[in-house]
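I have placed the structure first, in the form of structure tokens, so that the comments after it can refer back to it.
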Amino acid sequence: MQWTGLNELREKFLSFMESKGCLRLPSFPLIPKDDNSLLLINSGMAPMKKYFTGEVTPPRKRVTTCQKCIRTPDIEEVGITDRHGTYFEMLGNFSFGDYFKREATAWAWEFFTEVLEIPKEKLYVSVYQEDDEAFDIWTKEVGVEESHMVRLGKADNFWEHGSGPCGPCSEIYYDRGENHGCGSPDCKVGCECDRFMEVWNLVFTQFDNDGNNNYTPLANPNIDTGMGLERLACVMQGVDNLFLVDTVQNTMKHISSIVGVNYGEDDKKDISLRVITDHIRSTTFMIGDGVMPSNEGRGYVLRRLLRRAARHGRILGYNKPFLFEVADTVIKDNEGAYPELRDKRDFIVKLIEVEEENFGKTIDQGLQLLEELIVKAESKILSGDDAFKLNDTFGFPIDLIKEIVGEKGMSVDIDRFTSLLKEQKKRSRDARKNAGADAWISESTDLTDICKTEFTGYKYTMSEAKVAAIVKDGQRVETLLEGENGIVILDKTPFYAESGGQVGDTGMIVNDNIALVVNDTTKDPSGIFLHSVSVDKGMLQIGDVVEAEIDSNKRMNITRNHTAAHLLQAALRELLGTHVEQAGQLVSDDYFRFDFTHFEALTADEISKVEAIVNEKIFAQLDVISEEMGIDEAKKMGAMMLFGEKYGDRVRVVNAGDFSIEFCGGTHVKNTSHIGLFKIKSESSVASGVRRIEAVTGQGVLNYLDSALYVVNRCTDALKINNPKELVQGAIRIAEELKAKEKKIDELNKKLAQNATQDLFKNAQRYKGVRIISVAINDAPTDTLRDICSRATDNKPMTVIVLAGISGDKVTFICGCGKDAIAHGLKAGNIVKQVAQIAGGNGGGKPNMAMAGAKDVSKVDDAIIGAESIIKSMIDELGIE
């Protein structure tokens, strides 16, 4: 048994399983594909569930992987103990109805004892207490001593999750020695102490549970094994925990060199080092697989991990961004097994740096506020309102708030926080109504007997086809009558189904007796194309032979936009850098929208240069070649993959004159000259680190220019300018004239304020040494009211003034207190709040100047009269003489 590095262990395992006939698959991305039950992949078998259920045919019946995994249920424990981590790799070998117990157990033992040369006396095996077959295989065929075998109950050695496939499992343990044990003479596998460490779990999926614990044997049992790579590395490197494994230590040492703190010298500082080490590993891999920071879902997990790590950097006394530097070490240690990290290096590092900088702008202020709230808290509970403010204003994830107050022995009013968060989300949803659409088919619609649709639309705009199925109101039907709407499924179709951001085709489905308008086209996960139709004439029946014809003009505009989107991405990468990646797109017939990773707004000059590059490629008449090929061949060509996407062995590649080469299943022009022209309409931000460009091509450019020219002509008419070229100078002239007039108005208002102030003092009341002024002024700008207040209190420091400005149906109250009045305890904020409430308003502010709004204009006079009483009452309460 020799010391073996983590990267070498990974390769040894995968190579060994390949020698047993297993197909080595690359790790699936951390973002689950077609699985809404998971935020992030958290086990080796999670991305292969559909292989086990039979929904998808696996590429081979024998498979092996090393799967990247993220688990966050115990995130608060990460760092506090050295056992917990959010990122890990899971080694596994799988059988989909092929080999079973004999092979799985024999291979596991061979790998441990012959490949890794782990002493047999150090290994123990557990089996399910009723699984005599497994016990006999281990002892009589594999050769494990019975003294090293343990039978455990259902809770430990039987894998199941409700109804469905399930089965017993067998676990291999490593004996770390008596020095890790509890000292009990009964210490053995299953003991709660640290002596016996579970390393490999072999699941024998051989039963189907009907949900009532009735088990029937599966016709084709499966094998699902899982072994934590870091845990295996602990065994092979003779270390106690994952933070001492070689590659993890490299990351921690880099952190230590930056913050100036060494691991193992201080228990509290060790916690922070473990937190940062784990979280930067997780976030580097998450970003590499396409997770973007946000306030929801997996994006929230990413942001939470980054901000928790950043806070622990501050706990160690380091207040500058540094995580982005450490990400480089994570990338270098793992790029051999995960080349996507190297490919995305610039983007990963930049995104982490931007997130650190953004959080750094608010974290110190937020931490200070949180400390003040903790001190002021009358109970051991931080209010939900305060927690929401920290979350909404300062970007503190609620879990981070809970963790910080928990360190002070407090908790958070989560119910109130959740209520406020729901209100905020409801407001957001209400603001973006129209976003959804009813499902085309219901979950109960059974299409399992329908074959995958043959798509002919790459070559043809019209195809003869046969009606394979009809769906109406979510149910399969035999006919669709004139005037009815439904879903039509054909055996083949030229209609492109919405995917990859490209909208679905529209058109007609006809024969001599029927005419259907196709309003949209999409497809289900199994590749069945769904045509949303309205029957214009006749009656459609299953089996009818029809002609399916797309709207060719609309398709041509879509293809122009789609190819232009490819040219745009290439141009952005050429101009801005290779960190630019597609982060989403919408390709329609009238425009296209392209979201990309970048961290600042494009300048006018950059937008102009991007347009120039794209149009240059259009005018260069580059041939656009779309062809299907093996994925390895596509990668050799340098074809760009969609961020975080998982591809099969065969892919479609679109090559525009070698300037742009991308994996893409969409429709494209044959030559860039067919695009005509390209014009960017707008550039904006859609999320942290994501920008959006909206652009038009071909006829869309002409339409855009016509609209712009219409606006120009209207402006020239309004400004009485004959030549449009003089429009800019005319606009500048008008702006300067308005500025001069505003200056003159400001000067006049100041004179009016000065005169008004003198008049106000003439009518002022004196009460116990305090000069009180309260008056309403119609149509006075707020700035003028403030100026009057300032002049009054500056001239007479023992003055309190309340003014009401009335403009239409709006009322503004302003209160000012002179410095002597403030010294005696009078505060403008308290006064204006009570005055405004008389008129149905509210407000507040600083002791010297405060403002409030009100809705009831009819109560303004009452409020102004009441102001005197309010001020006098306060003077009496303060004992001013």
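The values are calculated or read from the model by the stated rules, or taken from the named source; none is laboratory data. On a predicted model such as this, the values are computed, not experimentally measured, just so you know. So basically every Cβ, Gly included, is an ideal-geometry build from the backbone, and we count neighbours across all protein chains shown. When the accessible area is computed, the model is the full protein with side chains, heavy atoms only, and any ligands, DNA or RNA have been set aside. Shrake-Rupley method; radii C 1.70, N 1.55, O 1.52, S 1.80 Å.
Just to be sure, is residue 82 open to solvent by 40 Å² or more (accessible area, probe 1.4 Å), farther than 22 Å from residue 242 by Cβ and not aliphatic (A, V, I, L, M)? Against the criterion (open to solvent by 40 Å² or more (accessible area, probe 1.4 Å), farther than 22 Å from residue 242 by Cβ and not aliphatic (A, V, I, L, M)), residue 82 does not qualify.
Restricting 348, 280 to residues that are crowded, with 22+ Cβ neighbours inside 10 Å, of a type in the set (A, V, I, L, M, F, W, C) and modelled with pLDDT of 95 or more narrows the list to 280.
Residues are listed down the side, and each one gets a yes or a no for (1) in contact with a Phe, Trp or Tyr (Cβ under 8 Å, 6 or more places away or on another chain); (2) modelled with pLDDT of 90 or more:
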{"site": "821", "(1), (2)": "no, yes"}
{"site": "844", "(1), (2)": "no, no"}
{"site": "852", "(1), (2)": "yes, yes"}
{"site": "861", "(1), (2)": "no, yes"}
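Here is a check on your reading of the model: is residue 75 farther than 27 Å from residue 336 by Cα, in contact (Cβ under 8 Å) with a residue 24 or more places away in the chain, open to solvent by less than 30 Å² (accessible area, probe 1.4 Å) and among the hydrophobic types (A, V, I, L, M, F, W, C)? When the stated conditions are applied, residue 75 passes them.
Residue-wise test of (1) open to solvent by 30 Å² or more (accessible area, probe 1.4 Å); (2) more than 21 Å from residue 455 (Cβ to Cβ).
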residue: 564; (1), (2): no, yes
residue: 571; (1), (2): no, yes
residue: 588; (1), (2): no, no
residue: 616; (1), (2): yes, yes
residue: 620; (1), (2): yes, yes
residue: 623; (1), (2): yes, yes
residue: 627; (1), (2): yes, no
residue: 633; (1), (2): yes, yes
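Residues that are part of a loop (DSSP other than H, G, I, E, B) and open to solvent by less than 80 Å² (accessible area, probe 1.4 Å) within the stretch 47-67 comprise 54, 56, 58, 59, listed in sequence order. Kindly evaluate residue 89 against the criterion of being in contact with a Ser or Thr (Cβ under 6 Å, 6 or more places away or on another chain), at pLDDT 90 or above and outside any helix (DSSP H, G or I). In short, no.
If you check 113, 105 for being surrounded by 22 or more Cβ atoms within 10 Å (Cβ to Cβ), modelled with pLDDT of 95 or more, hydroxyl-bearing (Ser, Thr, Tyr) and assigned to a helix (DSSP H, G or I), only one passes: 105. Scan the stretch 457-493 for residues that are open to solvent by 60 Å² or more (accessible area, probe 1.4 Å) and not charged (D, E, K, R) and the total you get is 8.
Please tell me if residue 705 is modelled with pLDDT of 90 or more, assigned to a helix (DSSP H, G or I) and either among the aliphatic types (A, V, I, L, M) or surrounded by fewer than 16 Cβ atoms within 10 Å (Cβ to Cβ) (or both). Against the criterion (modelled with pLDDT of 90 or more, assigned to a helix (DSSP H, G or I) and either among the aliphatic types (A, V, I, L, M) or surrounded by fewer than 16 Cβ atoms within 10 Å (Cβ to Cβ) (or both)), residue 705 qualifies. Hey, can you tell me all the residues within the stretch 150-170 that are open to solvent by less than 30 Å² (accessible area, probe 1.4 Å) and over 20 Å from residue 100 (Cα atoms)? Answer for the stretch 150-170, where residues must be open to solvent by less than 30 Å² (accessible area, probe 1.4 Å) and over 20 Å from residue 100 (Cα atoms): 150, 152, 153.
The residue pairs whose first member lies in the stretch 334-357 and is on the phi < 0 side of the Ramachandran plot, whose second member is open to solvent by 70 Å² or more (accessible area, probe 1.4 Å), and whose beta carbons are closer than 6 Å, counting only pairs six or more residues apart or on different chains, are 335/342; 346/578. Considering (1) closer than 17 Å to residue 30 by Cβ; (2) open to solvent by less than 20 Å² (accessible area, probe 1.4 Å); (3) in a loop (DSSP other than H, G, I, E, B); (4) out of contact with any Ser or Thr (no Cβ under 7 Å at 6 or more places or on another chain), the lone condition that residue 44 does not fulfil carries the number (4). I'm trying to understand the selection: among the residues of the stretch 216-263, which are open to solvent by less than 60 Å² (accessible area, probe 1.4 Å), outside any helix (DSSP H, G or I) and among the small types (Gly, Ala, Ser)? Hits for the stretch 216-263 are 226, 228. Of all residue pairs spaced 6 or more apart or on separate chains, those with beta-carbon atoms under 9 Å, a first member in the stretch 536-556 that is among the polar types (S, T, N, Q) and a second member that is buried (at least 18 other Cβ atoms within 10 Å of the Cβ) and in a strand (DSSP E or B) are 541/467; 541/470; 541/480; 552/507. Of all residues in the stretch 81-101, those being among the charged types (D, E, K, R) and more than 17 Å from residue 70 (Cα to Cα) number 2.
Annotation: of all residues in the stretch 646-660 being in contact with a strand residue (DSSP E or B) (Cβ under 7 Å, 6 or more places away or on another chain) and in a loop (DSSP other than H, G, I, E, B), the one that is surrounded by the fewest Cβ atoms within 10 Å (Cβ to Cβ) is 649. Take the conditions (1) outside any loop (DSSP other than H, G, I, E, B); (2) more than 30 Å from residue 555 (Cβ to Cβ); residue 686 misses just one of them, which is (2). Here is the figure for the stretch 817-859: residues that are of a type in the set (A, V, I, L, M, F, W, C) and without any contact (Cβ under 8 Å) to a residue 12 or more places away in the chain total 1.
Yes or no: residue 597 among the hydroxyl-bearing types (Ser, Thr, Tyr), open to solvent by less than 30 Å² (accessible area, probe 1.4 Å) and over 30 Å from residue 469 (Cα atoms)? So residue 597 passes the test. Among the residues of the stretch 833-842, those identified as in contact with a Gly (Cβ under 6 Å, 6 or more places away or on another chain) and either modelled with pLDDT of 95 or more or among the aliphatic types (A, V, I, L, M) (or both) are 836, 838. Kindly check whether there is at least one residue in the stretch 293-301 that is surrounded by 24 or more Cβ atoms within 10 Å (Cβ to Cβ) and farther than 23 Å from residue 230 by Cα. Scanning the stretch 293-301, I find at least one residue that is surrounded by 24 or more Cβ atoms within 10 Å (Cβ to Cβ) and farther than 23 Å from residue 230 by Cα, so the answer is yes. Counted as qualifying within the stretch 283-360 are the helices (runs of 4 or more DSSP H) with 2 or more residues that are more than 23 Å from residue 40 (Cα to Cα), namely 297-315, 323-334.
Residue selection: residue 41 fails the criterion of being β-branched (Val, Ile, Thr) and either at pLDDT 95 or above or over 30 Å from residue 448 (Cβ atoms) (or both). Within the stretch 91-112, if we keep just the residues that are hydrophobic (A, V, I, L, M, F, W, C) and out of contact with any helix residue (DSSP H, G or I) (no Cβ under 7 Å at 6 or more places or on another chain), the residue that is nearest to residue 248 (Cα to Cα) turns out to be 112.
Among the residues of the stretch 661-697, the ones that are crowded, with 22+ Cβ neighbours inside 10 Å, modelled with pLDDT of 95 or more and over 29 Å from residue 59 (Cβ atoms) come to 8 in all.
In this entry, residue 390 is excluded by the filter for residues that are assigned to a helix (DSSP H, G or I), surrounded by fewer than 22 Cβ atoms within 10 Å (Cβ to Cβ) and out of contact with any Ser or Thr (no Cβ under 7 Å at 6 or more places or on another chain).
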